[in-house]
Each structure stands twice: as structure tokens, then as C-alpha cells.
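Some notes on the structure that comes next.
The values are calculated or read from the model by the stated rules, or taken from the named source; none is laboratory data. Because the structure is predicted, anything quoted here is derived from the model rather than measured. Because the Cβ atoms are built from the backbone with ideal geometry, glycine has one as well, and the counts that use them run over all protein chains shown.
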Amino acid sequence: MTARGQSGKVLIVASPGGHLLQMLALEPAWGDMARSWVTLRSTDVEYLLKDENVVYGHGPTPRDIGNFFRNLRLAWRVLREEDPSVVISTGAGLALPFFLLGRLQRRRLVYVESITRVEKLALTGRLVYPLASAFFVQWDSLTELPRARFHGSVA
């Protein structure tokens, strides 16, 4: 067993729909790493990730405190079992529990704000911004944030 942070594994956390599609568009950044996914069960997830290692979270996630705590327990288990060296997310609600516990475990946390956010961060982006090791935005207009990095968009 390798030491934490040396496993070369990535844990990808993304909600179904647009968040998942944006993460798939970022495949050049994580494609050569061993990986696992955390998402919510949906038809698009089952089709697009049929050959991937997928862990299903508890939804709905938006502002559902019960599912937040269920996903916090899930994050504890998945981070311990998968032992990723990096957690990457495009959002949404599933990201926060994984970033909270990932930060406590001193893992590298990378967040990519949704391409739909042009003028201000989404709620998830605002919540994970102080936790993230690296924070990327897809519009130059959001680089006013001190640590936000813009390297283009996935569209």
C-alpha cells in the first residue's frame, strides 16, 4: 500500500448533466490516472460511465441537510477506501462533503467552476473556494478572485 498522496489516483466528483459533461471534457487532465467517480444515479451517468468505477451519492443534494450528512459519511468511506491523491470536481452539491473531508485529510483539491458562471461563483464554488488547493474558472471575468485561475473553457 502506498502512502496517502502517492497513489496517483484521482477521485472525480460531479453531479449528472452539465457538470458531468464538463468533467468528461477535461479528460486530458485526468485520463492517464487511475480514477473513481462519485455522482448521483441517472440515465446519463449509467451510459457515459458504464465502464468506470462509480460510487453513487445521495440526492437530491441542493440544500438537503439529510443528504448532506449522508454524503459526508459517504465521503469519509470513499476517501478512506479509494485513497486518492487528488479530488477534482465541477460541482455541484456532492462536492462540498468531499472537499470538507478532503481538506481535513490534506488531500489536493481541485475545483473547476461551471462554464455557466460568468459573473459570480455558484453556491458550491463559493463554499469550496477556501478549501480548494487549485480553483479554476472558465471565464476571464472571474479572475478577480485572488486564487482563481483562467486557462480557457471546456466548451
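When L20, L72 are checked against the criterion of being among the aliphatic types (A, V, I, L, M), closer than 15 Å to L100 by Cα and out of contact with any Leu (no Cβ under 6 Å at 6 or more places or on another chain), a single residue qualifies: L72.
If you go through segment 77-95 one residue at a time, do you hit one that is surrounded by 18 or more Cβ atoms within 10 Å (Cβ to Cβ), in contact with a strand residue (DSSP E or B) (Cβ under 9 Å, 6 or more places away or on another chain) and farther than 21 Å from A132 by Cβ? No. Of the residues making up segment 122-141, those that are of a type in the set (A, V, I, L, M, F, W, C) and farther than 12 Å from Y111 by Cβ number 2.
Among the residues of segment 71-123, those identified as outside any strand (DSSP E or B) and closer than 15 Å to L20 by Cα are A92, G93, L94, A95, E113, S114, I115, T116. Residues satisfying the criterion are absent from segment 67-87 (criterion: modelled with pLDDT under 95 and closer than 22 Å to E113 by Cα). Residues of segment 104-155 that are in contact with a helix residue (DSSP H, G or I) (Cβ under 9 Å, 6 or more places away or on another chain), basic (K, R) and more than 23 Å from E27 (Cα to Cα): K120 alone. Cβ separations smaller than 8 Å between residues 6+ apart or across chains give the following pairs from segment 121-140 residues that are surrounded by fewer than 20 Cβ atoms within 10 Å (Cβ to Cβ) to residues that are outside any loop (DSSP other than H, G, I, E, B) and among the basic types (K, R): L131/R103; S133/R108; A134/R108; A134/R149. Is segment 77-94 home to any residue that is of a type outside the set (K, R), without any contact (Cβ under 8 Å) to a residue 60 or more places away in the chain and touching a helix residue (DSSP H, G or I) at 6+ places or on another chain (Cβ under 7 Å)? Scanning segment 77-94 turns up no residue that is of a type outside the set (K, R), without any contact (Cβ under 8 Å) to a residue 60 or more places away in the chain and touching a helix residue (DSSP H, G or I) at 6+ places or on another chain (Cβ under 7 Å). Here P62 fulfils each of the conditions (1) at pLDDT below 95; (2) over 15 Å from H19 (Cα atoms); (3) surrounded by fewer than 14 Cβ atoms within 10 Å (Cβ to Cβ) apart from (2). Consider segment 29-54 and keep the residues that are part of a loop (DSSP other than H, G, I, E, B) and of a type in the set (K, R). The one that is surrounded by the fewest Cβ atoms within 10 Å (Cβ to Cβ) is K50.
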